[in-house]
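Structure below; questions to follow.
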Amino acid sequence: MRRQGRIQLIARKATQQRATPLALRWKFSVATHLIVLPAYNEAEALPSTVRTLQQLPDGYELLVVDDGSQDHTALVARELRTQSRLPLHVVSLPANCGIGAAVQTGYLFAARKNGYQYVIQFDADGQHGADYLTRLVQTCEDQQLDLCIGSRFLSGVGNEFRSTFLRRIGIRFFAGLISLLTGQRVTDPTSGFRCAGPRAWRAFVERYPDDYPEPESLFWCARNDLRIGEIPVRMQERSTGVSSIRSLRTAYYMIKVTLAILIDRFRPLERFET
């Protein structure tokens, strides 16, 4: 808890320092949705990822969260800011805090600017398809979901890449565990391609796992009766950079997340206005 508190403090300071001038820069923007791109050492992949997002209609803004990268990710992001058709913001964390802190920084940014409806997490490494992004948002709107996940394991699209063998084992394990404990079927709980509605992302401002947040946050939403759903998406294998979860850490990852989910099951439920 102390570590998570320190990480949240770092994220809050980063958004305080960076958000105001960027908000003024785009004060005439009509955007209602924020796309958060957590990036650690993604200087090579980031330009292509931002370029694919330019096909989106007006109504979207981009936020690159540089998670203390050791390469030129922050410099590349600032250069892309001058080229992007869509409003693009950059927040740099002073140290590598992990994927959870980077994504939570995006939620903090959204809360401080206070003008977004949906906040979408989108990988900076090029694995996610921009073609599915508007469908995630539309599904949230049509089905009144609080959290919609882009799943590699639903039928409807051909998926040549569904992660490595070891990670697929972990994905299926967590899918079964979360489905069993909540009574809601999920197929891709580790997917980082997700759209959060206001009830979910405003809650994530105050609480968000710092190490491996996707399955834990999904379980928290389902357990607290937030509305969750999935749509089929196609993902690509990363061509550059390094995954945040290495093969040697798979066992640690599964044990840690399983314990976190089981502990969370016994915490008091939270209630949200419908």
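If you go through the stretch 210-222, how many residues are modelled with pLDDT under 95 and either farther than 19 Å from GLY150 by Cβ or touching a strand residue (DSSP E or B) at 6+ places or on another chain (Cβ under 7 Å) (or both)?
Matching residues across the stretch 210-222 total 2.
So which residues in the stretch 158-205 are assigned to a helix (DSSP H, G or I), surrounded by fewer than 19 Cβ atoms within 10 Å (Cβ to Cβ), modelled with pLDDT under 95 and within 19 Å of the chain's Cα centre (by Cα)?
ARG167
Looking at CYS148, CYS140, can you tell me which residue is in contact with a Lys or Arg (Cβ under 7 Å, 6 or more places away or on another chain), touching a residue at least 40 places away in the same chain (Cβ under 8 Å) and under 20 Å from PHE219 (Cβ atoms)?
Working: CYS140 fails: in contact with a Lys or Arg (Cβ under 7 Å, 6 or more places away or on another chain).
That would be CYS148, the only listed residue that is in contact with a Lys or Arg (Cβ under 7 Å, 6 or more places away or on another chain), touching a residue at least 40 places away in the same chain (Cβ under 8 Å) and under 20 Å from PHE219 (Cβ atoms).
For ARG172, state whether it is farther than 30 Å from HIS72 by Cα, among the charged types (D, E, K, R) and without any contact (Cβ under 8 Å) to a residue 60 or more places away in the chain.
So ARG172 passes the test.
Working carefully through the options THR15, THR105, find the one that is polar (S, T, N, Q), modelled with pLDDT under 95, touching a strand residue (DSSP E or B) at 6+ places or on another chain (Cβ under 9 Å) and closer than 22 Å to ARG194 by Cβ. Steps first, please.
On the way: THR105 fails: modelled with pLDDT under 95.
Going through THR15, THR105 in turn, the sole match is THR15.
Can you confirm whether GLN83 is modelled with pLDDT of 95 or more, part of a helix (DSSP H, G or I) and either closer than 23 Å to SER217 by Cα or polar (S, T, N, Q) (or both)?
no
With LEU75, LEU9 as the choices, which residue is at pLDDT 90 or above and hydrophobic (A, V, I, L, M, F, W, C)? Explain how you work it out, then say what you get.
On the way: LEU9 fails: at pLDDT 90 or above.
When all the criteria are applied, what remains is LEU75.
So THR240 ticks every box in (1) touching a helix residue (DSSP H, G or I) at 6+ places or on another chain (Cβ under 7 Å); (2) modelled with pLDDT under 95 but one. Which box is left unticked?
(1)
Any idea which residue in the stretch 102-123 is farthest from GLY150 (Cα to Cα), counting only those that are aliphatic (A, V, I, L, M) and touching a Pro at 6+ places or on another chain (Cβ under 9 Å)?
So in the stretch 102-123, the residues aliphatic (A, V, I, L, M) come out as 102-103, 108, 110-111, 119-120.
Imposing the further condition that a residue be touching a Pro at 6+ places or on another chain (Cβ under 9 Å) reduces the set to 102-103, 119.
Details: ALA102: 19, VAL103: 16, VAL119: 14 Å.
Among those residues, the one meeting the criterion is ALA102.
Are any of the residues in the stretch 126-136 crowded, with 17+ Cβ neighbours inside 10 Å, under 19 Å from CYS221 (Cβ atoms), out of contact with any His (no Cβ under 6 Å at 6 or more places or on another chain) and at pLDDT 95 or above?
yes
Take the residues in the stretch 96-121 that are touching a helix residue (DSSP H, G or I) at 6+ places or on another chain (Cβ under 7 Å) and part of a loop (DSSP other than H, G, I, E, B); name whichever of them is surrounded by the fewest Cβ atoms within 10 Å (Cβ to Cβ). Show your work before the answer.
Restricting attention to the stretch 96-121, the residues satisfying the condition of being touching a helix residue (DSSP H, G or I) at 6+ places or on another chain (Cβ under 7 Å) are 97, 99-101, 103-105, 107-113, 116-121.
With part of a loop (DSSP other than H, G, I, E, B) added as a condition, the list becomes 97, 116-117.
Details: CYS97: 23, TYR116: 22, GLN117: 16.
Taking the candidates together, the pick is GLN117.
When you check VAL36 against the structure, is it crowded, with 21+ Cβ neighbours inside 10 Å, touching a strand residue (DSSP E or B) at 6+ places or on another chain (Cβ under 6 Å) and among the aliphatic types (A, V, I, L, M), yes or no? Steps first, answer last, please.
Values: crowded, with 21+ Cβ neighbours inside 10 Å: yes; touching a strand residue (DSSP E or B) at 6+ places or on another chain (Cβ under 6 Å): yes; among the aliphatic types (A, V, I, L, M): yes.
Judged against the criteria, VAL36 is a match.
Testing VAL64 on (1) touching a Leu at 6+ places or on another chain (Cβ under 9 Å); (2) closer than 30 Å to GLY170 by Cβ; (3) surrounded by fewer than 24 Cβ atoms within 10 Å (Cβ to Cβ); (4) aliphatic (A, V, I, L, M), one condition comes back false. Which one is that?
Condition not satisfied by VAL64: (3).
The values are calculated or read from the model by the stated rules, or taken from the named source; none is laboratory data. As the structure is a prediction and not an experimental result, all values here were calculated from the model. Please note: Cβ atoms are built from the backbone with ideal geometry, for glycine as well, and neighbour counts cover all protein chains shown.
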